[in-house]
Amino acid sequence: MAQRIQGTEDLYGGYMRGWQHIQDTARELFGTYGFDMIETPAIEQVDTFVHGIGESTDVVRKEMFRVFSGALMERLIGAGGEGGLKAKQRMALRPEGTAGVVRAAVEDKLVSQGAAPVKLWYAEAMFRGERPQKGRLRQFHQVGIEWMGAPDPAADAECVIVLMEYFRLLGFDPARLRLRINSMGDATCRPAYREKVRDFIIAHAHELCADCRERADVNPLRAFDCKVDHDREIMAHAPLVTDHLCDTCAAHYAQVKCYLDEAGVAYVEDPTLVRGLDYYTRTVFEVDALDSGVGAIGGGGRYDDLVELEGGRPTPGIGFAVGFERISLALAACGGSLETKPPACVYVACAAPEQRDAVFSTSLALRRAGVRTEADYQGRSLKSQFKQADRLGARLCVVLGADEVASGTATLRDMQTHEQVRLPLAELVATVSQRIS
Ligand code: HAM
């Protein structure tokens, strides 16, 4: 039997409705903040991710799925490697949404210098070759926003505010969420800070794991995210970015906090929050659902250099993304759910094969009036049709027997009370529509 790839999920039924609910909520909320929806391709040139996310990040080095057509693969095997490939032949599945959206904004000239900012949101599958575990999938779904052209700290604060409002609308108790914020500095102050962390790692190399020792040269700030407890204890004594911000970054960060305070958004300052993607500058943030055991349910930050890295003119940007699967798990851990029941439906039962045509035309009339309608297509007995109607959660059942068809009527059965009424067929659609709404 063919099997799903480990770390992937099938979305259907209540779970699928949960994914649709999270998108509907996003459409409504983000719409009020002026965001329009965008969908970019799931495959992009490898360079789109390398330039933006960073060559030395785990996401690019270890987790990004590379894409080869069968024909290309055959050629590569023959030629002994992908060295000779052109940039446009080197493709990958998107591990996150920001780089692709920024690529689209640059390529399609969505944000030109001096013009109004571009505000986009997306709901898409992402792919990362991680070791699958609870809340960590190889194909998962993100809802995110990207806002380009707004350098003001108010944009950072509004981004965080809309994120926390989104979680509230999805059913989270704000008291059980922990929002951590930090500033990662910019091209003026971060290089010197990065060197300080590198020196710290080298000085403590004998106490740190091999991964962290390797990070010293490649990406020293990632050592703050090491999963080894002992390393975390050591990194707790490393220089903190907030002590090394330049005046402009420090002022920006202070203003973001002022706006969050004014908006009454609770946050914890975490100077060790570094995030796993290299494009961040200044404000970064991450949200955990306390006691859910699924890791961060959302995160984001400012990326003032990314548009340029993707080939555009210098344009500041900021955004966030949340993970659908983790939100589902985190809500379930506190007794909540994203899942909704299917919309109310009506079942049209067929008493005998002679009434088949009447069932067909009645179902058609109900559906054309916008009523979710089910019917029997297997020639089952009336009793098993009622059982099927129950299983489908039908609120009403229309019974068409010989008597009904002969007299131009239908019997309408309430599936909860089992009460039945006979009514003229001409009134059926209006009556059902009214009772079902
Ligand atoms: P990220 O923190 O890598 O940020 O991912 C955002 C969210 O996606 C995480 O908080 C988590 O809920 C979910 N997520 C990430 N990886 C997995 C996984 N393997 N399985 C299940 N869920 C996962 C970004 O992706 C940035 N693009 C966010 C951003 C937008 N920054 C600025 N704009």
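The values are calculated or read from the model by the stated rules, or taken from the named source; none is laboratory data. None of these values were measured; they are calculated from a predicted model. Here the Cβ positions follow ideal geometry from the backbone for every residue, glycine too, while neighbour counts run over all protein chains shown. Only protein heavy atoms, including side chains, enter the accessible area calculation; ligands, DNA and RNA are left aside. Shrake-Rupley method; radii C 1.70, N 1.55, O 1.52, S 1.80 Å.
Each Lys or Arg adds one and each Asp or Glu subtracts one; over the other residues with Cβ under 10 Å from the Cβ of Leu306, this totals -4. Here is the P(r) of the stretch 345-436: all C-alpha pair distances, binned every 5 Å from 0, give 3, 15, 30, 29, 19, 4, 0 in whole percents. Cβ-Cβ distance of Tyr33 and Arg176, R₀ of 22 Å, FRET efficiency by 1/(1 + (r/R0)^6): the value works out to about 0.35.
Protein-only accessible surface at a 1.4 angstrom probe places the residues Cys246, Cys212 in the order Cys246, Cys212, largest first.
Lysine pair count for the chain with Cα-Cα distance under 30 Å and sequence separation of 8 or more or different chains is 17.
For the listed peptides 339-351, 273-285, a ranking on the average number of other beta carbons within 10 Å per residue, highest first, reads 273-285, 339-351.
Quick one: length gained pulling Met16 to Ala250 fully straight, 0.36 nm per residue minus the C-alpha distance? Show your work: numbers first, answer last.
On the way: separation 234, 0.36 × 234 = 84.24 nm, distance 4.34 nm.
Length difference between fully extended and current span is 79.9 nm.
Find out how many positive minus negative residues lie around Gln142, taking Lys and Arg as positive, Asp and Glu as negative, among other residues whose Cβ is under 12 Å from that of Gln142. Please list the in-between numbers first.
Details: positive: Arg94, Arg128, Arg326; negative: Glu96, Glu124, Glu146, Glu325.
Combined, the nearby Lys, Arg, Asp and Glu give -1.
Could you list the chymotrypsin sites (Phe, Trp or Tyr not before Pro) in the stretch 354-407 that lie in coil according to DSSP, counting only those with at most 13 other Cβ atoms within 10 Å of their Cβ?
On the way: sites: Phe360, Tyr377, Phe386; in loops: Tyr377.
Hits after loop and neighbour filter: Tyr377.
Computed from backbone phi with θ = phi - 60° and the Karplus coefficients 6.51, -1.76 and 1.60, the 3J(HN,Hα) list for the stretch 367-381 is 5, 5, 8, x, 8, 5, 10, 10, 8, 8, 10, 10, x, 7, 5 Hz; x is used for glycine and proline.
Take the alpha carbon gyration tensor of the stretch 124-208, find the square roots of its eigenvalues, order them as a ≥ b ≥ c, and report rounded if a/c is under 1.5; if not, report prolate when a/b exceeds b/c, else oblate. Provide the component values of the computation, followed by the final result.
Details: a/c = 1.98, a/b = 1.31, b/c = 1.51.
The shape class here is oblate.
Each other residue within a Cβ distance under 10 Å of Arg176 adds +1 if Lys or Arg and -1 if Asp or Glu, for a net charge of -2. The packing ranking, built from the mean of other Cβ atoms within 10 Å per residue, places the peptides 389-397, 101-109, 261-269, 37-45 in the order 101-109, 389-397, 37-45, 261-269, highest first. Lys86 contributes an accessible area of around 130 Å² to the protein surface, as traced by a 1.4 Å probe with all chains present. Approximating the spin labels as points 7 Å out from Cα along Cα→Cβ, the Ala79-to-Ala402 distance works out to 7.6 nm.
Computed from the C-beta positions of Ala42 and Ala116, the FRET efficiency with R₀ = 51 Å rounds to 0.95.
Overall size of the chain from C-alpha positions, given as principal axis extents largest first: 91, 63, 48 Å.
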